[in-house]
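The values are calculated or read from the model by the stated rules, or taken from the named source; none is laboratory data. In this text, all values refer to a predicted model and were calculated from it rather than measured experimentally. Here the Cβ positions follow ideal geometry from the backbone for every residue, glycine too, while neighbour counts run over all protein chains shown. When the accessible area is computed, the model is the full protein with side chains, heavy atoms only, and any ligands, DNA or RNA have been set aside. Shrake-Rupley method; radii C 1.70, N 1.55, O 1.52, S 1.80 Å.
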Amino acid sequence: QDRRVEQDIYLPPRLSVSMLVALREDPVALAHAIRRPMPFLQDKYARRGTDFHNWIEKHLKADTLFDEADMDYADPIESDEKLETLMTKWLSSHWADKDPYRIEVPFETTVAGVLLRGRIDAVYKDGDQYTVVDWKTGRAKSGDDLEVAAIQLAMYRLAYSKLYKVPIEKI
């Protein structure tokens, strides 16, 4: 017999986009995390994602006026073959040859009375069309996982549209 007691969980007035995705993925787990926050220990997969994002950002900013010494990037903790493979694949992809229109775009937007916060990894512009990008380092998504992941990009589209007054159908 299931002895769980269902209780109403009230969402905070501010959520990150990651929390919104977690709400769709596992509302009970999110409710427990909100009710009793625990420290988050970064595992090697999260660290790899952070290192990869930092590397791409550094690569994309290489042609800016900033000197590398001006950039504050975390160095990888240790050698990581998977990270090296991800970097090599990215450099051989069509993304490596594109110039981003914007990088690391922070936003806050209100949806249904809830303030959502996030950061768009990159935005590319082609004529009057925009592409919002979130770099991923995990396995390819499919099925329900893809539907859950799509929430993040949908929020990025909405936020970018509101922030820069771009019609959402152009994003």
Can you tell me which residue among LYS61, LYS82 is at pLDDT 85 or above, more than 17 Å from the chain's Cα centre (by Cα) and open to solvent by 50 Å² or more (accessible area, probe 1.4 Å)?
LYS82
Taking LYS44, is it of a type in the set (Lys, Arg) and at pLDDT 85 or above?
no
Whether any residue in region 139-161 is touching a Phe, Trp or Tyr at 6+ places or on another chain (Cβ under 9 Å), at negative phi, surrounded by fewer than 17 Cβ atoms within 10 Å (Cβ to Cβ) and not β-branched (Val, Ile, Thr) is what I want to check.
no
Contact list please: Cβ distance under 7 Å, first residue in region 140-161 and within 21 Å of ALA112 (Cβ to Cβ), second residue in a helix (DSSP H, G or I) and open to solvent by 50 Å² or more (accessible area, probe 1.4 Å), pairs at least six apart or on different chains.
VAL148/ARG24; VAL148/GLU25; ILE151/ARG24; ARG157/ILE168; LEU158/ILE168; SER161/ILE168
Which pairs have Cβ atoms under 6 Å, sit 6 or more apart or on different chains, and link a residue in region 114-134 that is open to solvent by 40 Å² or more (accessible area, probe 1.4 Å) to one that is at pLDDT 95 or above and assigned to a strand (DSSP E or B)?
THR131/TYR124
